[in-house]
1. So which residues in segment 1-34 are of a type in the set (A, V, I, L, M, F, W, C) and at pLDDT 95 or above, if there are any at all?
2. Does any residue of segment 84-94 turn out to be under 30 Å from Glu196 (Cβ atoms) and either in contact (Cβ under 8 Å) with a residue 40 or more places away in the chain or of a type in the set (A, V, I, L, M) (or both)?
3. For residues in segment 21-35 being open to solvent by 80 Å² or more (accessible area, probe 1.4 Å) and assigned to a helix (DSSP H, G or I), which is nearest to Leu83 (Cα to Cα)?
4. Please verify whether segment 189-204 includes one or more residues that are farther than 24 Å from Met74 by Cβ and among the β-branched types (Val, Ile, Thr).
5. Residues being of a type outside the set (A, V, I, L, M, F, W, C) and touching a residue at least 40 places away in the same chain (Cβ under 8 Å): count how many of those fall in segment 179-200.
6. For segment 226-238, does any single residue satisfy the condition of being of a type in the set (A, V, I, L, M, F, W, C) and in contact with a Pro (Cβ under 9 Å, 6 or more places away or on another chain)?
7. Specify the residue that is surrounded by the fewest Cβ atoms within 10 Å (Cβ to Cβ); the eligible residues are those in segment 220-277 that are at pLDDT 95 or above and basic (Lys, Arg).
8. Could you check, for segment 158-177, whether at least one of its residues is touching a residue at least 60 places away in the same chain (Cβ under 8 Å), of a type in the set (S, T, N, Q), under 27 Å from Thr75 (Cα atoms) and surrounded by fewer than 17 Cβ atoms within 10 Å (Cβ to Cβ)?
Amino acid sequence: MKEVLEFYLQTSIYTNYDPYKEYYQTLPDDIKTLANLVKSQMIHRSELRQGCLHHNQFLLFPWYRYRAEDDILMTAPAMTAELFRLNKNGFVKRPIEEKLVLTCRYAAVLMVSILKSKKIPARCRSGFSKHTPDRKTAGDHWIVEYWDNKQMRFIRVDVSRITQVNHYNLYDIPEGIFDTAAEAWLNVRTGKRKIEDYRRGHRKNLTILAQALFHDFHALMNDEISYRFTPPFISTEEKVNNLTTEELNDLDQLAKLMLDPDQNHEKLKKIFETNVKYRILNSPLVQDEDHLETERSIQKWAQHSNTK
């Protein structure tokens, strides 16, 4: 377990705390206080939209500001820099016009980055969450897992829902609320749950489960990719519907390893480091045709490695 915890102290391009290391370390050490502080720096675009529709104080949000900054502020340093640009005092109680408009993945990334700067092993998790234990449908969601030395376990925190009314402990999410992407995938594949039990927006299909599986897989490897990034072979509903039996079985095996990511850490790490199909990603500006040169480069790299 020591190696696993050391791994989750490492950062990625997304959680790199170096530009703000000293500042992050001045932020509260108490998890609840810190989580509330992080959440108070941003507002979800759906909250903003609903607030405007109800004609309340959210109408104070400037008309010229972006209504979604997910594509702009991809990393913890970028989010923090923008917070300082909007208010030179950094993480403070800020009015609506100074908040970032970001979704759950971003709240999780920022929280994880700060925890890592404090030498607390932490990771993002992608999956599906309910608002109440008895609710059948779970929506796509990102949370934080951090290591608690006293309890000797990873504790789950839902940073982005702290300001909402909930019926469970947001600072130690109980069983039955959040299904990891691997759990959701296997639940549907084995018939334990219906595909309609999981959704992303209004979509309820195997595609959202396959894509979430890779968002969580990459997050477990300290590569907290955007929910708009996905391996080419599952980038569309048509491609997922045409996956071969072998490909589906391979995804099942990956999901089974992800059910216990700590026990299977080395196996998952090996897959991440060697399986090109699972590593190459499409994004808003990179599509299937853009990977041709990448494939040639991989072949050249393999040939070069074999000659050593």
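1. Going residue by residue through segment 1-34, those that are of a type in the set (A, V, I, L, M, F, W, C) are 1, 4-5, 7, 9, 13, 27, 31, 34.
Of everything in segment 1-34, those that are of a type in the set (A, V, I, L, M, F, W, C) and at pLDDT 95 or above turn out to be Val4, Leu5, Phe7, Leu9, Ile13, Leu27, Ile31, Leu34.
2. The answer is no; no qualifying residue exists.
3. Filtering segment 21-35 for residues open to solvent by 80 Å² or more (accessible area, probe 1.4 Å) gives 22, 25-26, 29-30, 32.
In the following step, the residues that additionally are assigned to a helix (DSSP H, G or I) were identified as 22, 32.
Values: Glu22: 16, Lys32: 20 Å.
That would be Glu22.
4. yes
5. Filtering segment 179-200 for residues of a type outside the set (A, V, I, L, M, F, W, C) gives 179-180, 183, 187, 189-194, 196-200.
Narrowing the set further to residues that are touching a residue at least 40 places away in the same chain (Cβ under 8 Å) leaves 179-180, 183, 189, 196-200.
Adding up the residues that qualify gives 9.
6. First, the residues of segment 226-238 that are of a type in the set (A, V, I, L, M, F, W, C): 229, 233-234.
After this cut, where a residue has to be in contact with a Pro (Cβ under 9 Å, 6 or more places away or on another chain) as well, the list is 229.
Among the residues of segment 226-238, at least one is of a type in the set (A, V, I, L, M, F, W, C) and in contact with a Pro (Cβ under 9 Å, 6 or more places away or on another chain), which makes the answer yes.
7. Filtering first and then ranking leaves Lys270.
8. Checked segment 158-177: at least one residue is touching a residue at least 60 places away in the same chain (Cβ under 8 Å), of a type in the set (S, T, N, Q), under 27 Å from Thr75 (Cα atoms) and surrounded by fewer than 17 Cβ atoms within 10 Å (Cβ to Cβ).
The values are calculated or read from the model by the stated rules, or taken from the named source; none is laboratory data. Worth saying up front: this structure is predicted, and the values here are computed from it rather than measured. Please note: Cβ atoms are built from the backbone with ideal geometry, for glycine as well, and neighbour counts cover all protein chains shown. Note: accessible area is taken over every heavy atom of the protein model, side chains too, but ligands, DNA and RNA are not part of it. Shrake-Rupley method; radii C 1.70, N 1.55, O 1.52, S 1.80 Å.
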